[in-house]
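**Q** Before I ask anything, let me first share the structure, which is written out below as structure tokens.
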Amino acid sequence: MAAQLVVLLPLVGAILAGLFGRAIGARAAQLVTSILLTASAVLSVYLFWTVGLGDAPFTAPLFTWVESGGFLAEWSLRIDQLTVVMLVVVTGVSSLVHWYSIGYMHGDPGIPRFFAYLSLFTFAMLMLVTADNFLQMFFGWEGVGLCSYLLIGFWYDRPSANAAAIKAFVVNRVGDFGFALGIVGIFFVFGSIDFDTVFAATPGMVGTSIEFLGGRFDTLTVLTVLLFIGAMGKSAQLGLHTWLPDAMEGPTPVSALIHAATMVTAGVFMVARLSPIFEYADFTLALITVVGAVTAIVAASIGLVQNDIKRVIAYSTCSQLGYMFFAIGVSAYPVAIFHLFTHAFFKALLFLGAGSVIHAMSNEQDMRKMGGLWRKIPLTYALMWIGSLALAGAPLFAGYYSKDAILEVAWGANSGVGDLAFLLGILAAAFTAFYSWRLMFMTFHGTSRAPAEVQAHVHESPPIMTVPLIILALGAVFAGMLTAGLFFGEDTHFWGESLLVLEHHQAIEAAHHAPFWVKASPTAVGLVGVLIAWWMYIRRPAAPARLAAGNGPLYRLLLNKWYFDEIYDAVFVRPAQRLGTLFWLGGDGRIIDGYGPNGVAALVVDLARRATQLQTGYVYHYAFAMLIGLVAVVSWVLLWAGG
């Protein structure tokens, strides 16, 4: 019963706030959704304790969802070790975001709608992580996509928010199309969409081929690549990542929920859940490794020069997701989920901390207009430091255990793509330390660059916002050290059968025996990044401007996000717009309307106008017309009769 309640309580909250929000009022909508999410989080911890640390996993059937001919899709909740870890992450972060939002959204006219969307978002993610078949997973998959659209565009009176919501929706449709094709392919090949059935039959498909796009390719490679395209969209991997920074147009609690616990983690979870399929597709695993590594370094490089405090954190999310994927690519699924777990705490802390800064600065997000805030909001300052230390992988903080483990398994893969991921990951770690400290120095240190009227109103956030930050800070400090042995220990059996790693994939085993230089490299390069940031923004504040001016093309490349948006605009958006205009004006307007309704209608109107001119009202005109008609009829009859 606990499993059913974990999933359904957020849905109940969404229904109460969404359908009855006006009747019960904004305060009641806030409280009912927050209380129900908190109850769901408590039950998730209970399931983690009983399933993850105790009893065997189980499946809780609910009802038959689709039954058509030989096709059957049950609606069941799959509760295993992977599920309970995700349940703790999703419900824990979401409940804290709900309570935080009570303070952050104070005074907004759409409070019931906002909290209904938040709870519905959480419900969709819970449906995704508890899915027992591909169709049920796709339901949750599309649900989080829909809710992200609603939440990113929550302030619908802002054109930028509407554009960002549409962009997120459209870009994700590209990935979702691949995911849908992968599911159809799974059913075509295996005759089932049930996870256990497909997993059991997968080894028998090794070495087989399938016809696809006019050629024959390895069956599992085709299926897994299609599924991975879906993961690329949801988890913002390079090429389908452009929606993620623009998602910052939504309220800050939305950013925390999307980036820390829901949506972007869906792709990582999906590939981990399907590890019994991906493990037999070596080409796809190599592709995932390369895509993840390149995403990590490209996103980190963009974060170096961004000035919007939320966008810096957004690009760090994109980079950290790249880490998770290249861990998956070397078959280190437990390590990827370990980093997903720790990342949720410090990333939610950073986003909500940024929200506290924005709240204090009268909605200002540009770090160039901040500075000197540490004296005025000391609690937020201290908590942001904790989040930044965890993100940068400082020793003893959560990120130190999980991110270092990812780099160690990349080295331990002992392969070309593994070595590439290790090198790019080390460089990205240096970038991460730099932009983390850059954010802290520009926001909290130095002299204030804010207008006097803004400075006068800087204040610490209320307890309803700071208490969730403190709880997340505890996770950012202790989550790694408390769970490292459980999730990644050399002799751990925590994951059971929820994840599959074939015997010849030895990256995790090799990582446990990595030499000291491998283990020390992330900390060493992180320290270098910190020192450079300190020198540039504290010791020599004029250095960044000189460096940018002296490296104009490179600076503009990074500032403009490697011109991905401009390239997509030139290659896809403008040609599609021109084609649409051609079909609209040329095809629809000139041809269809011109020769169709407009042409026929104009001809009828013209003939009717001419016919009305014959109606003069004079009797002799009508008699003359009748005579002419009679002559014409008689002539025709005589001619016809004569013929």
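**Q** Show me the helices (runs of 4 or more DSSP H) entirely contained within the range 507-558 in which 3 or more residues are among the β-branched types (V, I, T).
**A** 516-534
Residues checked against (1) within 23 Å of the chain's Cα centre (by Cα); (2) at pLDDT 90 or above; (3) over 22 Å from N307 (Cβ atoms); (4) of a type outside the set (S, T, N, Q):
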residue	(1), (2), (3), (4)
A433	no, yes, no, yes
V454	no, no, no, yes
P462	no, yes, yes, yes
I470	no, yes, yes, yes
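**Q** Does Y620 satisfy the criteria of being part of a helix (DSSP H, G or I), free of Cβ contacts under 8 Å to residues at least 12 places away in the same chain and loosely packed, with under 10 Cβ neighbours inside 10 Å?
**A** In short, yes.
**Q** Hey, another quick one. State yes or no: is F228 in contact with a Pro (Cβ under 8 Å, 6 or more places away or on another chain) and in contact (Cβ under 8 Å) with a residue 60 or more places away in the chain?
**A** For F228, the condition - in contact with a Pro (Cβ under 8 Å, 6 or more places away or on another chain) and in contact (Cβ under 8 Å) with a residue 60 or more places away in the chain - is not met.
**Q** Collect the residues in the range 360-379 that are touching a residue at least 12 places away in the same chain (Cβ under 8 Å) and charged (D, E, K, R), keeping them in residue-number order.
**A** E364, D366, R368, K369, K376
**Q** Only residues that are open to solvent by 20 Å² or more (accessible area, probe 1.4 Å), among the aliphatic types (A, V, I, L, M) and outside any loop (DSSP other than H, G, I, E, B): list them for the range 456-483, please.
**A** The answer is I464, V467, I470, I471, L474, V477, M481, L482.
**Q** Further, regarding this structure: Kindly provide the set of residues from the range 129-140 that are among the aliphatic types (A, V, I, L, M), open to solvent by less than 10 Å² (accessible area, probe 1.4 Å) and assigned to a helix (DSSP H, G or I), ordered by number.
**A** V129, M137 - these are the residues of the range 129-140 that are among the aliphatic types (A, V, I, L, M), open to solvent by less than 10 Å² (accessible area, probe 1.4 Å) and assigned to a helix (DSSP H, G or I).
**Q** While we're here: Scan the range 412-430 and give yes if some residue there is among the aromatic types (F, W, Y) and modelled with pLDDT under 95, otherwise no.
**A** No, that holds for no residue.
**Q** Out of L547, L558, which single residue is touching a residue at least 12 places away in the same chain (Cβ under 8 Å) and either of a type in the set (S, T, Y) or closer than 30 Å to A300 by Cα (or both)?
**A** So the residue among L547, L558 that is touching a residue at least 12 places away in the same chain (Cβ under 8 Å) and either of a type in the set (S, T, Y) or closer than 30 Å to A300 by Cα (or both) is L558.
**Q** Return yes when V97 is of a type outside the set (F, W, Y), within 20 Å of R273 (Cβ to Cβ) and either without any contact (Cβ under 8 Å) to a residue 24 or more places away in the chain or surrounded by 20 or more Cβ atoms within 10 Å (Cβ to Cβ) (or both) and no when it is not.
**A** no
**Q** Still on this structure, please answer the following. Residue under question is I386, and the condition is that it be open to solvent by 10 Å² or more (accessible area, probe 1.4 Å), assigned to a helix (DSSP H, G or I), under 20 Å from L469 (Cα atoms) and hydrophobic (A, V, I, L, M, F, W, C); does it hold?
**A** yes
**Q** For the range 58-80, give me each residue that is farther than 18 Å from M127 by Cβ and either surrounded by 14 or more Cβ atoms within 10 Å (Cβ to Cβ) or in contact with a Lys or Arg (Cβ under 6 Å, 6 or more places away or on another chain) (or both).
**A** Within the range 58-80, just L72 meets the criteria.
**Q** Identify the single condition in (1) in contact with a strand residue (DSSP E or B) (Cβ under 7 Å, 6 or more places away or on another chain); (2) within 28 Å of D108 (Cβ to Cβ) that I35 does not satisfy, given that it satisfies every other one.
**A** (1)
**Q** Does L82 meet the test of being under 25 Å from the mean Cα position of the chain (by Cα) and either hydrophobic (A, V, I, L, M, F, W, C) or part of a helix (DSSP H, G or I) (or both)?
**A** Judged against the criteria, L82 is a match.
**Q** List every residue pair whose Cβ atoms sit under 8 Å apart, with the two residues 6 or more apart in sequence or on different chains, where the first one lies in the range 22-49 and is in a helix (DSSP H, G or I) and the second, anywhere, is of a type in the set (F, W, Y) and open to solvent by 40 Å² or more (accessible area, probe 1.4 Å).
**A** As it stands, the answer is S34/W99; T38/W99, since those pairs meet every condition given.
**Q** Now for a separate question. Looking at the range 359-380, which of its residues are touching a helix residue (DSSP H, G or I) at 6+ places or on another chain (Cβ under 6 Å), assigned to a helix (DSSP H, G or I) and either open to solvent by less than 10 Å² (accessible area, probe 1.4 Å) or of a type in the set (F, W, Y) (or both)?
**A** Matches in the range 359-380: M367, T380.
**Q** Name every residue in the range 141-154 that is open to solvent by less than 60 Å² (accessible area, probe 1.4 Å) and either over 13 Å from P251 (Cα atoms) or of a type in the set (G, A, S) (or both), in order of residue number.
**A** Passing the criteria: W141, E142, G143, V144, G145, C147, S148, G153.
**Q** Please go through the range 100-128 and give me each residue that is closer than 24 Å to I79 by Cα and open to solvent by less than 10 Å² (accessible area, probe 1.4 Å), ordered by number.
**A** Residues satisfying the conditions are L118, S119, F121, T122, A124, M125, L126, M127, L128.
**Q** Quick one: which of I258, I288 is on the phi < 0 side of the Ramachandran plot, open to solvent by less than 10 Å² (accessible area, probe 1.4 Å), part of a helix (DSSP H, G or I) and at pLDDT 95 or above?
**A** Result: I288 is the single residue among I258, I288 that is on the phi < 0 side of the Ramachandran plot, open to solvent by less than 10 Å² (accessible area, probe 1.4 Å), part of a helix (DSSP H, G or I) and at pLDDT 95 or above.
**Q** Another question, then. Counting just the residues of the range 155-213 that are among the basic types (K, R) and in a helix (DSSP H, G or I), which one comes out least open to solvent (accessible area, probe 1.4 Å)?
**A** Per the stated criteria, the residue is K167.
**Q** Find all pairs meeting these conditions: Cβ atoms under 7 angstrom apart; at least six residues apart or on different chains; first residue within the range 129-156 and polar (S, T, N, Q); second residue assigned to a loop (DSSP other than H, G, I, E, B) and surrounded by fewer than 24 Cβ atoms within 10 Å (Cβ to Cβ).
**A** Qualifying pairs under 7 Å: N133/I193.
**Q** Give the range 214-225 a look and list any residue that's of a type in the set (A, V, I, L, M, F, W, C), open to solvent by 30 Å² or more (accessible area, probe 1.4 Å) and free of Cβ contacts under 8 Å to residues at least 40 places away in the same chain, or say none.
**A** F217
**Q** Of everything in the range 427-455 that's of a type outside the set (D, E, K, R) and in a loop (DSSP other than H, G, I, E, B), which residue is least open to solvent (accessible area, probe 1.4 Å)?
**A** A450
**Q** Out of (1) over 30 Å from Y333 (Cα atoms); (2) in contact (Cβ under 8 Å) with a residue 60 or more places away in the chain, what's the single condition that is false for W584?
**A** (2)
**Q** Has the range 574-583 got any residue that is in a helix (DSSP H, G or I), closer than 30 Å to Y315 by Cα and either open to solvent by 100 Å² or more (accessible area, probe 1.4 Å) or in contact with an Asp or Glu (Cβ under 9 Å, 6 or more places away or on another chain) (or both)?
**A** yes
**Q** Here's another thing I want to ask about it. Please state which of the following conditions N307 fails to meet, knowing it meets all the rest: (1) over 18 Å from the mean Cα position of the chain (by Cα); (2) over 21 Å from G412 (Cα atoms); (3) surrounded by 24 or more Cβ atoms within 10 Å (Cβ to Cβ).
**A** (3)
**Q** What about N414, is it open to solvent by 10 Å² or more (accessible area, probe 1.4 Å) and either without any contact (Cβ under 8 Å) to a residue 40 or more places away in the chain or touching a strand residue (DSSP E or B) at 6+ places or on another chain (Cβ under 6 Å) (or both)?
**A** When the stated conditions are applied, N414 does not pass them.
The values are calculated or read from the model by the stated rules, or taken from the named source; none is laboratory data. Given the structure is predicted, the values throughout are model-derived calculations rather than measurements. Cβ sites come from the backbone with ideal geometry, for glycine too, and all protein chains shown count toward neighbours. With ligands, DNA and RNA removed, areas are computed over all heavy atoms of the protein, side chains included. Shrake-Rupley method; radii C 1.70, N 1.55, O 1.52, S 1.80 Å.
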